[in-house]
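Values quoted throughout were computed directly from the atomic coordinates according to the rules given, and no laboratory measurement underlies them. Just so it is clear, the structure is predicted and the values come from calculations on it, not from any experiment. Cβ: placed from backbone, ideal geometry, glycine included. Neighbour counts: every protein chain shown.
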Amino acid sequence: MPEKRMRPAVGAAMAIALSGCGPAATPPVVVPPSSRSAPSAAERAAPPSTTDATLVMLGTGTPNPDPDHSGPALAIIARGKVYLVDAGAGVVRRAAAAQKAGVKELTMPALDRVFLTHLHSDHTIGLPDLMLTPWVLDRTEPLTVYGPPGTNAMVENLEKAYAADIDDRLHGLEPINRTGWQAKAVEIAPGVVYRGDGMTITAFAVQHANWAHAYGYTFQTTQRRIVVSGDTVPVEEVVRQCNGCDVLVHEVYSTAGFARRTKDWQAYHAGAHTSTAQLAQLALRARPKLLVLYHQLYWGSSDADLLREIQAAGYHGKVVSARDLDVF
Ligand SMILES: [Zn+2]
Ligand SMILES: [Zn+2]
């Protein structure tokens, strides 16, 4: 008997796309991840071919080691340049998978800048991977790591942690370049943090548990504005930054799942993250053309449950619960 293999459920988001729905609206269209006949939500949500910025979900996960959701990381690609947000577990391998799936810009040498939202381990545990693996695969540019205060110490300490590896590769027989191992930390404050190649990137402060510095980012090109929430409770600044943006990528947890958590965890999550009900209210005012859920905390709920909860809370715009490798 040939061995049966399960195909990983990546690249197949679930979506509800509604327009002008009143209380008596028809039931939402829910596309199961396993559906291969209908176009995927990502395909339906895909930007027009003329757009000048593409969003690739590299990892949609959380600290939970769910094999279908790598650690949080995404790529925005404009004019051939790659702008990564966060470096969760698996970031480099997911970039390789996306390239294999047709996102040709996601080469190893192109992974040379990352914007960290905050320094929680689930968002940074792939940082040494991002610092070193593309170097071994011919990245000659140092990795530039933009992030909140504390980024410099993290990068310096990671270089120390891998000093023996770096030394061995530089001084052994590997025909390796002399420059790509270096990482350059740039500690940033809210405001415009990058401008060039037709891209303007703005960091903005969000509110996440006890972190003194946690950021979201807005990516603005001529044709598109993409806003990424990072980890946060609902904050007014996301509404201001989006204000009718093309794509709002926002973290979320299931309201029903939350009710199944213990009281002490509920207290933490309420001060750290955003529920589906809260996100629905926020999205009504932020008015994104497309709302993309990521960093989903399910706690027993499904993608379809998240979408139903958002609809039940009064948001009827286009919304997708992202899976790894979705492209928008
Ligand atoms: Zn997180
Ligand atoms: Zn966090």
**Message:** To the nearest 20 Debye, how big is the dipole of segment 198-279 about its Cα centre, given +1 on the beta carbon of each Lys and Arg and -1 on that of each Asp and Glu?
**Reply:** 140 debye
**Request:** Would you calculate the volume per residue, in Å³, of the smallest convex hull containing every Cα atom of segment 174-328?
**Result:** 166 Å³
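If r is the Cβ-Cβ distance from Thr51 to Val136 and R0 is 35 Å, what FRET efficiency results, to the nearest 0.05? Each step should come with its number before you reach the end.
Working: r = 33 Å, r/R0 = 0.94.
My answer for the efficiency is 0.60.
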**Message:** With the crude spin-label approximation of a point 7 Å out along Cα→Cβ, what separation in nm comes out for Asp66 versus Lys104?
**Reply:** 3.4 nm
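At 0.36 nm per residue, minus the direct Cα-Cα distance, what do Arg79 and Ala189 gain on full extension? Give it in nm, one decimal, please. Write out the running numbers ahead of the final one.
Working: separation 110, 0.36 × 110 = 39.60 nm, distance 2.57 nm.
My answer for the length gained is 37.0 nm.
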**Request:** Give the Rg (one decimal place) followed by the Dmax (whole number) of segment 40-321, computed from C-alpha coordinates and expressed in Å.
**Result:** 18.6, 62
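Show me 149-155, 313-319, 169-175 ranked by packing, highest mean number of other Cβ atoms within 10 Å first.
Numbers: 149-155: 17.3, 313-319: 19.9, 169-175: 9.3.
Most protected by this proxy first, the peptides run 313-319, 149-155, 169-175.
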**Item:** Distance from segment 144-158 to segment 187-234 (C-alpha centre basis), Å
**Value:** 17 Å
**Item:** Relative contact order of segment 40-321, pairs being alpha-carbon contacts under 8 Å that are 6 or more residues apart, as %
**Value:** 13 percent
**Complete:** Distance in nm between Ala164 and Ala209 label points, each 7 Å along Cα→Cβ, equals 3.1 nm
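For Thr179 and Asn152, compute 0.36 nm times the residue count separating them, minus their Cα-Cα distance, and round to one decimal in nm.
Details: separation 27, 0.36 × 27 = 9.72 nm, distance 1.85 nm.
That works out to 7.9 nm of additional length.
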**Asked** Where the Cα atoms of segment 240-289 are projected onto their three principal axes, how long is each span, largest first, in whole Å?
**Response** 37, 17, 14
**Cross-link reach list, lysines versus Lys160, counting only Cα pairs under 23 Å and skipping chain neighbours closer than eight places** = Lys184
**Message:** I'd like the per residue volume of the convex hull spanned by the Cα atoms of segment 138-248, given in cubic angstrom.
**Reply:** 121 Å³
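Order the peptides 67-77, 277-287 from the highest to the lowest mean number of other Cβ atoms within 10 Å of their residues. Please report the intermediate quantities before stating the final value.
On the way: 67-77: 23.4, 277-287: 19.5.
So the peptides 67-77, 277-287, ranked by packing, come out 67-77, 277-287.
Listing Arg261, Arg224, Arg93, Arg178 from the residue with the fewest other Cβ atoms within 10 Å to the one with the most, what is the order?
Details: Arg261 18, Arg224 21, Arg93 15, Arg178 8.
Exposure proxy ranking, most exposed first: Arg178, Arg93, Arg261, Arg224.
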